[in-house]
1. Give me the one-decimal nm value for the distance between modelled label points at residue B:39 and residue A:31, 7 Å along each residue's Cα-to-Cβ direction.
2. Of all accessible surface on the protein assembly as shown at a 1.4 Å probe, what whole percent is carbon and sulfur?
3. What is the sum of charges around residue A:51, taking Lys and Arg as +1, Asp and Glu as -1, for the other residues whose C-beta is under 10 Å from the C-beta of residue A:51?
4. Take chain B, connect every pair of alpha-carbon atoms lying under 10 Å apart with a spring to form a Gaussian network, then pick out the residue of B:240, B:182, B:108 with the largest mean-square fluctuation.
5. To the nearest 20 debye, what charge dipole does chain B have about its Cα centre, counting +1 at the Cβ of each Lys and Arg and -1 at the Cβ of each Asp and Glu?
6. Given a 1.4 Å probe, how much area per residue of chain A is accessible, in Å²?
7. How are the C-alpha pair distances of segment A:71-150 spread across 10 Å bins, as whole percents from the shortest bin up?
8. In segment A:187-213, which residues become less accessible by 10 Å² or more once every protein chain is in place, relative to the chain on its own, using a 1.4 Å probe?
Amino acid sequence: MRRRFSSLVSRDTQADRVVPPTGFTARLTVFASGAMAFLAVFALALSLATGRLADQWSDALAQSATIRVSAPDGQVDQQVLTVMEVLQTTPGIKDARVLTDSEQRDLLEPWFGPDLPIETLPVPRLIEVIEEGEGYDPEGLRQRLAGEAPGAILDDHARWREPLVRAADRLRGLGVVSILLITLTMAAMITLAANAALAANAQVIHVLRLVGARDRYIAGAFVRRFTLRAFSGAAFGVIAGVLAILFLPSADVGGGFLTGLGFRGWHWILPLAIPPLAGLVAFLATRHAANTTLRELT
Amino acid sequence: MGSKTRKIKPLQSRDCNNCNAGAKLSPRNTGHTVIEFEEVSYGYSGTGPLLSDINLKLAPGSFHFLTGPSGAGKTTLIKLCYGALVPTQGRVTLFDQDVRQMTRDDVAHTRRKIGVVHQDVQFLDHLPVHENVALPLTVSGKTTEVSDLSDLMEWVGLTGQMEALPPALSGGERQRAALARAVIMSPDVILADEPTGNVDWDMSQRLLKLLIELNRMGKTVLIATHDMNLIRAAKAQVQARVLRISDHRVQLAGADL
Ligand SMILES: Nc1ncnc2c1ncn2[C@@H]1O[C@H](COP(=O)(O)OP(=O)(O)OP(=O)(O)O)[C@@H](O)[C@H]1O
Ligand SMILES: [Mg+2]
């Protein structure tokens, strides 16, 4: 069964037989690769979840500033005009728009019902402010408004989320760094294991060289082994990691960050990339180790 | 022995290069040398030169002995002949290729044309004898005809040991397995370093016969030995030249042997 599986991956089982099998170190490699893949699944999930959070929060940030203008009858329209002029000359503001009566009615409807005679009520006018680039300076704007349109109040309540967005971004970065570290650790581990295997088989390599084996043939026997081990170990690790994430408590209970730690939509495909990646890392690391060792032999 | 002689035929037909090489008097590549040393010196690092100013030509189909006291450098010279060592001075040419210009792959390919029986015969101890014998074919991506392999094993008298692991072989059986491995690719040249080192007189005669048979098929043979009786026995059967290493140099030994 094992032989059949390996012959699927490599054309040359005979070449693999020339290097003696090593049960224990082989299992260690599979185990370590599996553990790394398991961790990588979580790092990936963390990175994606915090990324989603950062995107959501910064979207909310971009849209959430409004200016409320409430003034005695007759002065409202005048003050709205003044505010619009102020906004036009404020750097960092892309657009500003007075909400129409029907939009305001929609906003109030949940509280006052559909038949609200909005024209006759002293309801403040709402101006939606859309930022651009780095955004505007809220304190400066507040002071200008206080001077020119005393009835206007800037409401940027979503700003408190800004540090959270930065934290989420940082977490996403840390997730990416973790994946990178896991990849490098994997490469280091495979290099150590491959070097140990090459040293243990120095005699075998010597004999193979003597009977006319090319370096690529000898290296190939080792490379195929380690690639296969890393790949199969990582496959187990990914399955375990994905199952663990699937069985996390459901997201609707309480919402929040922790329960959002999972994959959404097509992101479920991403963990599938881990085993081939592990295989690729093992392939490159073993090939490098083998070529370095072989170059020193005659 | 007579019945064994015929069994060598599959070896001959394996490679068409040898189809016409059976005629020993007209070996191919006439005029070329398969191995040539020009002003070659070699010394292991940290010591003085072990071999110096060696000029040597092995013509295709020739039969040479290499002799000299222990430590004279016979094994060293043989290693120079298959690219395991590169001369410190001078030039070694294998099949018209300068060893110093050869890439590692070139060396590997050249070794498929030069069968070597090493003084310290080494096998892959985890594979049975027949797989070890077929190893040169395996590593060059060729497959073995089972009948060819068993003919070869019969030729060296190891039919009963095909499935054994190398550590279970006696010294003489190891030498014969090594000879079988050296010839399975039907190489143009056979280098044998003390091929009779571990065996009794009868067995050494048998191994010698195998080497002489190979030479009759057109192969170039070089045997390193300090067994003078073996050389005398060979000279009775084949036209052999004797090279002697003395005082760091190689000389053609006279008729005094
Ligand atoms: N790898 C090496 N490094 C340093 N010195 C070596 C090495 N191999 C051999 N020598 C030395 O070179 C000399 C010649 O060795 P070599 O094996 O060529 O002799 P030889 O003629 O084959 O001897 P023998 O008949 O005992 O096999 C010896 O003195 C040996 O100690
Ligand atoms: Mg020697």
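The values are calculated or read from the model by the stated rules, or taken from the named source; none is laboratory data. All values derive from a computational prediction rather than experimental measurement. All Cβ positions, glycine included, derive from the backbone under ideal geometry; neighbour counts span all protein chains shown. Each accessible area value is taken on the protein alone, full model and side chains, heavy atoms only, with ligands, DNA and RNA left out. Shrake-Rupley method; radii C 1.70, N 1.55, O 1.52, S 1.80 Å.
1. Roughly 6.2 nm, to one decimal.
2. 58
3. Result for the neighbourhood of residue A:51: 0.
4. B:108
5. 600
6. In whole numbers, chain A has 56 Å² accessible per residue.
7. Calculated P(r), rounded to whole percents: 16, 43, 30, 11, 0.
8. So the qualifying set is A:203, A:204, A:206, A:207, A:208, A:209, A:210, A:211, A:212, A:213.
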